Amino acid sequence: MCLYPPKPKNQCCDYGSALSSAGHWGRCVGDCGAGGVRSRAVWCTHAEGWATHHANCEPTDKPEDQRRCFKVCDWHLELFAWEVSAWNVCALAPSARGEAGARPSACVTAQHGLQRRSVRCVQKLNRTLVASEICEHFTPQPPTEQACLIPCPRDCVVSEFSGWSECSARCAKSLQHRTRAVISPPLYGGSRCPNLTEARSCAPATCALGEEDYAYSLRVGAWGECRLPHNKEVGLAGRAMLDFGSESGEQSAVRLQGYKPHLHSSPADVEIGYQTRQVRCVRSDGKNAALSLCVQETIPETLKSCVMAKDCETSAWSAWSPCSRTCRAGELSPGFRSRRRSVKSVALGAGKGCPELEEKEACSVGGEQLQPCPRFSWRTSEWKTCQVSLLLDQQDPRHRKHVALCGGGIQMREVYCVQIALEFGMHKLKEVTRPVDEKLCLGPVPAVSQLCSVPCPSECAVSSWSAWGPCAPENCHDRQGRRGFRMRHRHVIADPVGTLAGCPHLTEAIPCEDPACYEWIISEGICVTDHGKCGLGNRILKAVCKNNRGEEVPQNLCSELLRPEIVACEVPCATDCVVSEWSQWSPCSQSCSSKNAEGSQSRSRSILALPAEGGKACPPARALQEHRLCNEHPCVPLFWEMSPWSACSEGALGSALNATVAWSREAACGVGVQTRRVFCTKRGSGQVTTKRCPDSIRPETVRPCLLLCKKDCVVTPFSEWTRCPTACQPGNATAIKQSRYRIIIQNAANGGQACPDTLYEERECEDIPICPVYRWKTHRWSHCVLVPDSVRQGILGHNEACGHGLQSRAVTCLSENNDSADVSECMKWTGPMPSLVQECLVPCKDDCTFTPWSKFTACSFDCESTKSRRRSLTGRSRKRDKCQNTEVYPQVETELCPCEMFTSQPHGNWSDCIIEGGKPELQLGMRLHGDTKECGEGVRLRAIACYDKTGRLVEPSYCSSSGYIEESCTVPCPFDCKLSDWSSWAPCSSSCGMGVRIRSRWLKEKPYNGGRPCPKLDLKNQVHEAVPCYSECNQYAWAVEVWSPCKISSEQNSLHCGEGIQTRKVRCVNTAEEHEGETVPSALCNPSEIPEEIQKCSLYCPSECAVSDWGQWSRCPQVCDPNAVQLRTRQVLRSSVATKPCPEGSQMKPCILNQNCFQYHYNLTEWSTCQLGANATCGPGVRRRLLSCVRSDGKPVHTRHCEQANLEKPVKMSAECLVGCVVDCRLSAWSAWSECSHTCGAGGQAVRSRAVVLRAQGGGRPCPAQLSQYRHCPVKPCYRWALGEWSPCRVEGGQCGDGFQVRNLTCVVHDASVSDTSKPVENALCGELPSKESVLQLPCSVPCPGDCHLTEWSEWSSCELTCIGGRSFDTTGRQSRSRTFIVQALENQESCSGQVMETQPCSGGKCYNYLWKTSLWRENERTVWCQRSDGINVTGILLEGQGVCGCERGYTEIMRSNGFLDYCMKVPGLEDKKADVKTVAGKNKPVNSKMHDIFKGWSIQPFNPDGRLKIWVYGVSAGGFLIIVFMIFASYLMCKKTKQHQSPPPQQKPLTLAYDGDVDM
């Protein structure tokens, strides 16, 4: 290894040079993001290729072996993405281009092209470029190139040549020319367009030598630059001149500012100079000639006064305004800022005009330091009170105003748009919402109304009174109290709704004596005789202690009461009278006792056996019945009467509860108390002392309640003040006010803070800038400045100082106080600067001078009248004859006066029938949508156009004050089906058990005009409603009296025993409490249950065993079982003496279903229809079902039978339901009519609209389809400045050269329709003159003989598409126009070459084909030309395969001088083949004209003069065909014999396909 001496760079001792080498970079490793590192191997390589030590290589040349990189991680997927541009235009691929400039050898349908696009990896946030490897980590890089197709090259297509121009009749040399236009430009590398013009020499007329006949023209040059005269000419300008502008006519010396260039003039000074031009005489061959050869009456002016050019001067730009974007929003749209500058001096002469005085540019401010932009959102107030009347108005506008409307209704709310912005509050930002214009809110508008319901008031429903209880003390634990009451009760069936009155009292009490809490209930045993089987004895009593509710209690509670144990009795002996046991006490006849009626009850017994001789006699008849008083308490009970509960308020009880209970309800804010007063009331007598009513049932006077939260009124913040105008206002303008408003979101309730009185505020705008008043002050015009004498005198014929010149004046800007102000202030506030220069005339000696024109005379009101003005000659002009010629110098001008006669014409269609007005007077059948009248009488409008006498459109107010023709109209009102009110409910169809109650309504009016249909009616045009009902079956019952004594039928029976008959009375009575015991018709009681009125009976004979009547059958079990038995017993009242036994004492029978054993079940009716409150038409209701008890044999019985069977009772007997409200569509009121869509002209429309407030529901009238109404606007005149057509180029005083073309600017009136016929009117109606772009004069030139010049533009060609096989390649077509140079002299031919073509895209293009067309043969010749499929003949270089005409490949077209094809010539270097002219489909191959020449030399002509083949040619052809067939047949016979094996197939010729233009090939 060489360490010394020092080695040259890249060289190590004598081993040759060594270089550092590096490998490929490795993968990026390390942390995610920019902290990654990638490395590579670096080594030192000898020149011979082997590795050597690092010291042998220059350290400075060592490549880096590590570099920082971006380590890509998966979460970077959301940060980076490929950004792909659009594909570029398809360009020809390099392989398809071939050599430079060479056309592809063959193109059948299209060429191969290439499209490119840029692909780069960017950061999504700010679109900054990053390394491609980052995006490649996630997805491969999208391709940057793709193949595409370009149609085959298409050559330029041009039209036929026009005809040759005419030759000059002079004998001088001249040219004639012809031109053609471009029809289709060259595309996709097609050949350029050929020359569009051709010229040729005319055959000149014979002229004598040197006497060629030339035409001479006066050539006028362009005006030169305006310049000031030299210093030596200035002194001449200050001489005395006659000032014709002064009234005195005296001479005055005028100093010409414009001729002092060495002085410093102010910016407003006007310098007047002069300018000149050349006038030459030119010959028709373009050469100059002596001016005398072009002599004419007047020589054009060669000099004139002019204003020296001065450019507009402006001030420096002001500073940029703040960016219009002052807040941060989600979108990326920038703001704008602007700056201004003012005019310091206006442009003069040909100086440059003033540039734009204001410019804007986009700007954006950093987003973080900006506050977020305000957001806009819809907000709503709380729903207002539900109003039933709003719904009833739709159904019957004349509905009666019910005291308490209830049921379905409509409630409204405010919907408004707010701006949500952040404002600084107390040490922090808070969100503030202010109401703003509704147009700022997007998205659907919340509903303004909705259906609601008002609960229908219902009174408290209570059950009937129970029976009076026993006399009981108030407190059974207080043994000292002797005060007792009998009580009866009832309970609440349905609580009251919507009424202040609560439920009535539920308990009544009546004082009574000897109250007892407990009593012994005694049951008697069998009578046991003292001695023997009959006689006196005792009956043992069984006592049970029961309370006043009939419940058995311990006996010690009755121990203080006397408990009877035995009672005396007697058992009849064999001859004694036998009497039955006492029956049960009958029900009490009265529920209470009064002076007129006392309650009583009775019991009876009957004689079973008469006594025998010596036996004990029977008791008298009166002893067989017993009576006793009952319900002796008076009929005037006592009860506690209560006042309504007070409102819930805070109290000591509520405070105590609030301290112990945490309330979480939103609507409750703690516990309060309610109080009421309690009175003791005696029925019929009013209030009595409270001591008389039992304290045990005294109602409470205080109860806790939930305190409703106080609801303070909530209003939005005030909206922003409406903007005061930023633009200044005139000093005499009326005061402008600004306003703001706020909206109630929530009304106060429950004692909350009330709403403020002020919801709308107004104030006058302050600090409105008053517009400054500036005015232009114009000074006197200077004298008329002419061209200086020294300049004028050097030109022939300009000796006198007279003619046209210029005069100037000073114009200054003054403020309101007449102080001098900047020019820009007047231009801003007053308008354009008055002219500084005007043309003037210094009359020459021979000129006619006049006084100024007088004012026009006044017009009369006659439309035929005229107005006139006059002037008169002055000075010497009065004596000149030429000035007296009034045709040349008129002294009176007359004009027609304006005519005040106008005619109107209707315009547009009639509008819809418009019904104006808010809430109208209601009439029968009228319908309202909201507060808008929807039908009835209205008007329809038709706009008019107003014209004056001359047919010019004028303001419509001249013909009609409104601008409309009005006509009354009627919108038929729809009438809904009308039914009567519901009838009263009929009685229940069944007097016992389940039935139905029915009510009905009937048809009153049928619907028409689209009214709401009727419900389904029956044959009587009625609709019914039925609800189930139930009648208690024991409301009426059979009442029976006691059986009469048994009457023995046989009078001969001395023993008075045996069978007999007994009777009793039966009647039907009412069992209801209020009519208890009343006899009613027997038809009301069940006839199947009528008791027997007569029955057989028997009296026991002496010595017979006497038994009592049968007792009640014992009950069968609840589930009837035939194995179970029913038992009844009877007792032996008198034993038998004889041996005959007593009859049986008991009987049994099996429990058979539906005979003596019954089962019971509850029967539920179907749900009733939804029943509403009395004043409701829809909304929430209740549907009910009834419960009855039915015996297993189908007989309805009292519900106590089911209750005694402990059957499970259905819980839900009523359910909430909803009767859908029939809601008609509710619309807002019509908006005001909008401004007309057009400010003037025809076709304008005004519109008014309305919105749907509430959609139709429940079969209501749907919303109309027409939510907008349109009407045509009256046709107001449109005024505009109309530019006339450019005049031909005018050369002042000459025949050719530089001139100008002008066009007129006229104020016209029109109606903006398609068939617009504009008519001129006064210029004042169009207002300000149009902008400086409306040029009225342009320089132009008229070519002189010998000059070459461009033709006018050709017409635009028809729109043509690029097509392949008849199918368009592009959607947009192209059309072209061209212009070319015309050569007038052969000497200028080379300098005049050139042509111009323009192409523009177009729509609605077509595909065209090009076909060869031929004429008929004439003397073996015919014409061949190319024609487009639309019939246009074309010429030019055209390719086959693109739907255009051309020779086959290898041949080129040789065209004749007339543009038609002459023949196809072989291209040198290609194979020899017959030239063939063909079309796209290879048809119509015409014979070449060269072949015609060959046939001309034949002695035998195969063609007729008309170009058809002669007959003998067909004969020769037929003979040749037969010879060929014969030869083929002979060859076949010869070859058939020698065929031994199958020969290989002959080599096939390659198939040549000719492209026929089909794109599918």
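The values are calculated or read from the model by the stated rules, or taken from the named source; none is laboratory data. Quantities reported herein were computed from a predicted structural model and do not represent experimental measurements. Cβ sites come from the backbone with ideal geometry, for glycine too, and all protein chains shown count toward neighbours. Each accessible area value is taken on the protein alone, full model and side chains, heavy atoms only, with ligands, DNA and RNA left out. Shrake-Rupley method; radii C 1.70, N 1.55, O 1.52, S 1.80 Å.
Leaving out ligands, DNA and RNA, what percent of the accessible area of the stretch 724-828 is carbon and sulfur, probe 1.4 Å? Display every interim value, and only then the final one.
On the way: 3010 of 6450 Å².
Ligands and nucleic acids excluded, carbon and sulfur reach 47 percent.
Collect residues whose amide H, placed 1.01 Å from N in the peptide plane, falls under 5 Å from the amide H of residue 1384; neighbours closer than 5 in sequence don't count.
Placed amide hydrogens put 1348 under 5 Å from residue 1384.
So how far, in whole Å, is the C-alpha centre of the stretch 604-638 from the one of the stretch 843-901?
150 Å
Which entries of 867/1319; 1096/1140; 384/711; 978/1016; 71/124; 867/949 have Cα-Cα distances beyond 19 Å here?
Going by Cα-Cα distance, 867/1319; 1096/1140 fall outside the 19 Å limit.
Which order do peptides 505-513, 698-706 fall in by mean Cβ count within 10 Å, highest first? All intermediate terms of the calculation are to be shown ahead of the outcome.
On the way: 505-513: 18.6, 698-706: 13.6.
Descending packing order for the listed peptides: 505-513, 698-706.
Return the carbon/sulfur percentage of the accessible area of the stretch 974-1033, one whole number, probe 1.4 Å, all protein chains in place.
Ligands and nucleic acids excluded, carbon and sulfur give 53 percent.
With Rg and the Kirkwood Rh both taken from Cα atoms, where does Rg over Rh land for the stretch 735-862? Let's see the in-between values first.
Values: Rg = 32.6 Å, Rh = 22.5 Å.
In the stretch 735-862, Rg relative to Rh is 1.45.
Suppose the chain between residue 916 and residue 203 were pulled fully straight at 0.36 nm per residue; how much longer would it get relative to their current alpha carbon spacing?
So the extension gain works out to 248.0 nm.
Taking the simple approach of a point 7 Å from Cα along Cα-to-Cβ for both residue 939 and residue 687, what is their distance in nm?
6.9 nm
For the stretch 427-544, what is the charge dipole size about the Cα centre, in debye to the nearest 20, if Lys and Arg each add +1 at the Cβ and Asp and Glu each add -1 at the Cβ?
240 debye
How much net charge surrounds residue 1406 when only the other residues with a Cβ under 11 Å from the Cβ of residue 1406 are counted, with Lys and Arg +1 and Asp and Glu -1?
On the way: positive: 1428; negative: 1360, 1430.
That works out to -1.
Roll a 1.4 Å probe over the protein chains and send me the accessible area per residue for the stretch 834-922 in Å².
Accessible area per residue, the stretch 834-922: 72 Å².
Would you mind computing, in nm to one decimal, how far apart the modelled labels at residue 901 and residue 289 are, each placed 7 Å from Cα along Cα→Cβ?
6.0 nm
Leaving ligands, DNA and RNA out of it, report the carbon-plus-sulfur percent of the accessible area of the stretch 1135-1221 at a 1.4 Å probe. Walk me through the numbers on the way to the answer.
On the way: 2730 of 5360 Å².
That fraction is 51 percent.
What's the local net charge at residue 910, with K and R +1, D and E -1, over the other residues with C-beta under 12 Å away?
Values: positive: 940, 942, 1271; negative: 912, 966, 967.
The answer is 0.
Mind giving me the nanometre distance, one decimal, between the label points for residue 39 and residue 22, set 7 Å out from Cα along Cα→Cβ?
Using points 7 Å along Cα→Cβ, the separation is 1.5 nm.
Among the trypsin sites (Lys or Arg not before Pro) within the stretch 705-750, which fall in a DSSP loop and have no more than 11 other Cβ atoms within 10 Å of their own Cβ?
Filter output for the stretch 705-750: 723.
Taking the Cα centre of each part, how many Å lie between the stretch 948-996 and the stretch 463-477?
66 Å
What order, most packed first, do the peptides 945-952, 62-69 have when packing is the mean number of other Cβ atoms within 10 Å of each residue? Please report the intermediate quantities before stating the final value.
On the way: 945-952: 17.2, 62-69: 13.0.
By packing density, highest mean first, the sequence is 945-952, 62-69.
Sorted by average packing, counted as other Cβ atoms within 10 angstrom per residue and highest first, what order do 757-770, 844-857 take?
Working: 757-770: 10.6, 844-857: 12.4.
Result, highest mean Cβ count within 10 Å first: 844-857, 757-770.
For the stretch 991-1150, what relative contact order do you get, as a whole percent, if you take Cα pairs closer than 8 Å and at least 6 residues apart?
It rounds to 17 percent for the stretch 991-1150.
Keeping every protein chain present and rolling a 1.4 Å probe, give me the accessible area per residue for the stretch 1118-1235 in Å².
On a per-residue basis, 60 Å².
Across the stretch 1528-1533, in residue order, what do the Karplus-derived ³J(HN,Hα) couplings come to in whole Hz, using 6.51 cos²θ - 1.76 cosθ + 1.60 with θ = phi - 60° and x for Gly and Pro?
Once θ is set to phi - 60°, the couplings for the stretch 1528-1533 become 5, 5, 5, 5, 5, 5 Hz.
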